[in-house]
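The values are calculated or read from the model by the stated rules, or taken from the named source; none is laboratory data. These numbers were taken from a predicted model, which means no experiment stands behind them. All Cβ positions, glycine included, derive from the backbone under ideal geometry; neighbour counts span all protein chains shown. Ligands, DNA and RNA are stripped out before the accessible areas are found, and what is left, the full protein with its side chains, is counted by its heavy atoms. Shrake-Rupley method; radii C 1.70, N 1.55, O 1.52, S 1.80 Å.
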Amino acid sequence: MTTVFKKIIDRQIPAEIVYEDDQALVFKDIRPQAPVHLIVIPKKEIPTVNDMTEADEALVGHLFVVMKKVAQQLNLAGGYRVVTNCGPDAGQEVMHLHFHMLAGRTFGWPPG
Ligand code: AMP
């Protein structure tokens, strides 16, 4: 089944894209949980963290460098939270590996 994130990559549905390169895409979450709520994805289709292989190590490292660049672009000097949900207990909805990048307010710990 084609995921909603694959449809965004393929421009079949719209998204507010804030960063793109050959491996990665960053866009605004449609249901923001903070003043800044971005979704950071690889263009490669990997359903969950559990589906990653050693071959994906550099790709996921790249996504973190992308997050650093986006944080600089958006001047998130106060910091931000990076979250990934893996599987049903974590509440993963979209089966395309992604990182939530949240900023613009303070966050509690432990998470809910
Ligand atoms: P997760 O629960 O970790 O799978 O998170 C999936 C996230 O994708 C949720 O925060 C949704 O609000 C977000 N989302 C779902 N559909 C879209 C969409 N079309 N554009 C942007 N974000 C979306």
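Looking at this structure, is Ala15 within 14 Å of the ligand (Cβ to nearest atom), closer than 19 Å to Ala90 by Cβ and among the small types (Gly, Ala, Ser)? No.
There is no residue in segment 91-108 that is under 19 Å from Tyr19 (Cβ atoms) and charged (D, E, K, R).
Of the listed requirements (1) open to solvent by 50 Å² or more (accessible area, probe 1.4 Å); (2) near the ligand (Cβ under 10 Å from one of its atoms); (3) touching a residue at least 40 places away in the same chain (Cβ under 8 Å), Lys28 misses just one: (3). Quick check on segment 77-92. Is at least one of its residues farther than 22 Å from Pro35 by Cα, buried (at least 16 other Cβ atoms within 10 Å of the Cβ) and at pLDDT 95 or above? No, because not a single residue in segment 77-92 is farther than 22 Å from Pro35 by Cα, buried (at least 16 other Cβ atoms within 10 Å of the Cβ) and at pLDDT 95 or above. Pairing residues of segment 54-80 that are polar (S, T, N, Q) with residues that are open to solvent by less than 40 Å² (accessible area, probe 1.4 Å), at Cβ distances under 9 Å and at least 6 apart in sequence or on separate chains, gives Gln73/Tyr19. Tallying residues that are within 17 Å of Asp29 (Cα to Cα) and either among the β-branched types (Val, Ile, Thr) or open to solvent by 90 Å² or more (accessible area, probe 1.4 Å) (or both) within segment 96-112 yields 1.
Within segment 89-106, being of a type outside the set (A, V, I, L, M), free of Cβ contacts under 8 Å to residues at least 24 places away in the same chain and near the ligand (Cβ under 10 Å from one of its atoms) holds for Gly91, Glu93. Residues being hydroxyl-bearing (Ser, Thr, Tyr), under 21 Å from Ile9 (Cα atoms), out of contact with any Lys or Arg (no Cβ under 7 Å at 6 or more places or on another chain) and within 16 Å of the ligand (Cβ to nearest atom) are represented in segment 44-53 by at least one member. On the stretch given as segment 56-88, residues that are within 16 Å of the ligand (Cβ to nearest atom) and charged (D, E, K, R) total 1. Return yes when Ala34 is more than 16 Å from the ligand (Cβ to nearest atom) and either crowded, with 16+ Cβ neighbours inside 10 Å or more than 22 Å from Asp10 (Cα to Cα) (or both) and no when it is not. Taking the combined requirement at face value, the residue does not satisfy it.
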